[in-house]
Each structure stands twice: as C-alpha cells, then as structure tokens.
Amino acid sequence: MAEEKVKATRDRLRNLTDLELADELANQRLRLFNLRRENTTRQLENTAAIAHVKKHIARIMTLQTERLMSIR
C-alpha cells in the first residue's frame, strides 16, 4: 500500500512543469520549517511527518536534477 502511494506521488510530480515543481519544492520547504517549529515547541503529534516531508523534498530535487541532466 505504501509503495502505491509513493508511485502515485512520483507520477504526479513527473507530470508537473518546471515552475510547478519549483513551487512545490518551496511549499514543502515551508512545511518542513513549520513542522520543525511545531516539534521544537512540542505541538507536533506526528513526528514522522518530518521524515516524510524531507523525503518528498528529496524526490522533487531528484526530478529537477534529472530534468537538468536530460537538457545537457
């Protein structure tokens, strides 16, 4: 089940344009900042969300790198 969610997320990200992908990256970085702030103030209940967002950011950055390498 979890693998299906990852594939669905990966497919959704691959269908985004470069600008939309950059916007998604900015949104996820802001979300990570907010999660870390909540964790510091002990308001965050699901600490696994931090790791999830970090992996999502890594997926976006990997796609950006793949696109950059395909242009060269």
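Here, each number is a calculation from the coordinates, and none is a lab measurement. Remember, it's a predicted structure, so these values are computed and weren't measured experimentally. Methodologically, a virtual Cβ is constructed for each residue, glycine included, from the backbone with ideal geometry; neighbour enumeration extends over all protein chains shown.
For residue 44, the residues whose amide H sits under 5 Å from its own are 39, ignoring neighbours fewer than 5 places away on the same chain, with H placed 1.01 Å from N. Overall dimensions of the chain, expressed as equivalent-ellipsoid semi-axes from the Cα gyration tensor (√(5λ), whole Å, largest first), are 26, 15, 9. Against the chain, whose longest principal axis comes from its Cα atoms, helix 48-71 is set at around 20 degrees. Ordering of 35-43, 59-67, 2-10 by packing is 59-67, 35-43, 2-10, highest average first (other Cβ atoms within 10 Å, averaged per residue).
Take every pair of alpha-carbon atoms less than 8 Å apart whose residues are at least six positions apart; their mean separation over the length of the chain yields a relative contact order of 38 percent.
Computed extension gain for residue 34 through residue 50, at 0.36 nm per residue and net of the alpha carbon distance, reaches 4.8 nm.
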